[in-house]
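The values are calculated or read from the model by the stated rules, or taken from the named source; none is laboratory data. On a predicted model such as this, the values are computed, not experimentally measured, just so you know. Here Cβ is always computed from backbone atoms with ideal geometry, including for glycine, and neighbour counts include all displayed protein chains. Side chains are part of the model used for accessible areas, which takes the heavy atoms of the whole protein and leaves out ligands, DNA and RNA. Shrake-Rupley method; radii C 1.70, N 1.55, O 1.52, S 1.80 Å.
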Amino acid sequence: MSNAERPDPRRAQKEAAGRHAATYVEDGMRVGLGTGSTVHWTIVALGERRLDIACTATSTQTEELARSLGLRVVPPDDLGRLDVGIDGADEVDPEFNLTKGGGGALTREKIVGQMCERWIVVVDEHKLVDQLGDFGTPLEILPFAPGVVASRVAALGASSVSIRPGGSDNGNLLADARFGLIDDPRGLAARLDAIPGVVEHGIFLGEMVERVVVAGDGGIRELVNDR
């Protein structure tokens, strides 16, 4: 069998985690749909179940997929609060802090996550880390003065701040800051919040998270946040 023909175990893990998370959605719920390759399978599973739910999406990509599968997608202001939200992550530490934003939807993801009574994160086991930071810290920044903003982020200890090609669904710039391993995610989040021009950053603090659904070689397991 050629490499092209071999099944990708990580793809299978992502599908398993995404589909498992969809079981938390019931008829009549208001649901936040995240962005990414694992949540893709949550959305597929919800489309297959044909539930009577109202959804809000964290990206144009997610909205288009959900609508194509027959899900009803409305703006977040039409829902106000959400019963449950399901999203992925680029890193998850033991305190349930997350790095998010690899797909560029971090601002909408944080808004939607904070609207949820229950926010469930779905990952494959490779996303579990001892400390945040190896992935980098995604940023959404205003296009007005990106050099000034980048210099202020660097002053917090980032070894580099690189602007991505393209931009966010909100019309802003996307960037990645390299802080190395982050000893104090809460403190760094507060310092990034204080920089004018940083619309949002990819550090999501653990109190947002109810549980993490993890898929690995041994199957599905859940990490529940006692909060």
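Structure notes:
- Net lengthening on full extension, A154/S68 (0.36 nm per residue, minus Cα-Cα): 26.8 nm
- The spacing between region 56-126 and region 152-197, judged by their C-alpha centroids, is 20 Å.
- Highest average packing first - 71-78, 185-192, 168-175, Cβ atoms within 10 Å: 168-175, 185-192, 71-78
- 3J(HN,Hα) from dihedral phi, region 30-40, Karplus parametrisation 6.51/-1.76/1.60, rounded to Hz, x for glycine, proline: 9, 10, x, 9, x, 10, x, 6, 7, 5, 3
- Legend: Rg and Dmax of region 164-227, from Cα coordinates, 15.7, 45 Å.
- Pairs of Cα atoms in region 22-121 fall into 10 Å distance bins, from 0 up to the last occupied one, in shares of 17, 56, 25, 3 percent.
- Normalised by the number of residues in the chain, the mean separation of alpha-carbon contacts (under 8 Å, six or more apart) gives a relative contact order of 21 percent.
- The equivalent ellipsoid that matches the C-alpha gyration tensor of the chain spans semi-axes of 28, 21, 17 angstrom, in descending order.
- Kirkwood hydrodynamic radius of region 98-227, from inverse mean 1/r over distinct Cα pairs, in Å: 15.4
- A simple spin-label model places the labels of D183 and E48 4.7 nm from each other, with each point 7 Å out along Cα-to-Cβ.
- Distance between the 7 Å Cα→Cβ label points at D193 and I111: 1.8 nm.
- Of all DSSP bridge pairs formed entirely within region 85-187, close to 75 percent run antiparallel.
- Of all accessible heavy-atom area on the chain, the percent that carbon and sulfur account for (1.4 Å): 49
- Per residue accessible area of the chain, 1.4 Å probe, in Å²: 47
- Whole-percent pair-distance distribution, where bins are 5 Å wide, for the alpha carbons of region 1-80: 3, 16, 26, 23, 14, 8, 5, 3, 2, 1, 0
- When the surface is traced with a 1.4 Å probe over the full set of protein chains, I111 keeps roughly 90 Å² accessible.
- Fluctuation leader among G103, G47, G80 - the chain, Gaussian network, Cα springs under 10 angstrom: G80
- Dividing the summed helix terms, -39500 (n - 2.57) for each DSSP H run of n ≥ 4, by the number of residues in the chain produces a 222 nm estimate of -8000 deg cm²/dmol to the nearest 500.
- With at most 16 neighbouring Cβ atoms within 10 Å, loop GluC sites (Glu not before Pro) (DSSP) excluded, longest segment of the chain: 96-227
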